[in-house]
Ligand code: FES
């Protein structure tokens, strides 16, 4: 089990540890003053596993930490994965990506996961803040490819600091609204959400403040999908009115490994399973990346993550073991 806050989260069903792969840095490019594009390929030139828009890979840093980065390349390109990484002062991932990588460097990466899924819709509203454009870029390309009606609101400090802006501006069937702070153009979130078409599927990724504003402005009937960098405040998730459930103990049965554990108050399922020798992949351990998502075979999860949609929570088929608990006395998991 690994434990680190991710820079750019997400990922789907996991029970056994995720397969890793050695990748080689093929190309590096400065796509904005503080943003470095990294193109990774199989060292032997082989095809890479597919990755849908919204997917990310987890890169193992030399010190053992794990960092998640959204894939921003073309999902149809099976020869390369591309990530774009903001240089965050003092960040371990930034230090590695910006300071240590060179063409030819090999890295170990977990294969793509995706819990920021791109679904079909007649029209899309994308809202990106800064480096939050990375998971949205393949979605905007896909929307344009499907001839869907799309609008991207792209909030940046300046046009010069907006990675991929030229490519986005050239995409058909939609438009980019640039909100550059140095030009005094700030996004009016409330007005934007209030005027969004009823059938628009809304995707948002960016700084916490932007996403919380979007979450707060969205009506209950609007379908808004977020890629959280850090756990959102309860109020911003719209959960403030939901009754808090106390942290009681419950039993977890691991169907595959045959292990049964009691998860005590104050202990996560992930921790309880780890102590019992049942390995489950994890990354953020804050309920935001999706790495520990696990299939629920029986029982009722108490979802406390920021990954699953309302519909997915209601379905109760999967849960995040790092933060979520149980409403039933017993859960049976596919681990
Ligand atoms: S480890 Fe990230 S959601 Fe559980």
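The values are calculated or read from the model by the stated rules, or taken from the named source; none is laboratory data. This is a predicted model, so every value here is computed, not measured. Here Cβ is always computed from backbone atoms with ideal geometry, including for glycine, and neighbour counts include all displayed protein chains.
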> Which of the residues belonging to the stretch 97-111 are buried (at least 20 other Cβ atoms within 10 Å of the Cβ) and more than 17 Å from residue 282 (Cβ to Cβ)?
Replying inline: 97, 107
>> Looking at residue 287 and the list (1) more than 13 Å from the ligand (Cβ to nearest atom); (2) touching a residue at least 24 places away in the same chain (Cβ under 8 Å); (3) closer than 17 Å to residue 114 by Cα, which single condition is not satisfied?
In response: (1)
> Going by the conditions given, is residue 24 within 15 Å of the ligand (Cβ to nearest atom) and either outside the structural domain of residue 140 (by TED's automatic domain parsing) or at pLDDT below 95 (or both)?
Replying inline: no
> Which of the residues that make up the stretch 299-335 are surrounded by fewer than 22 Cβ atoms within 10 Å (Cβ to Cβ), in contact (Cβ under 8 Å) with a residue 40 or more places away in the chain and not in a loop (DSSP other than H, G, I, E, B)?
Replying inline: 302, 326, 330, 332
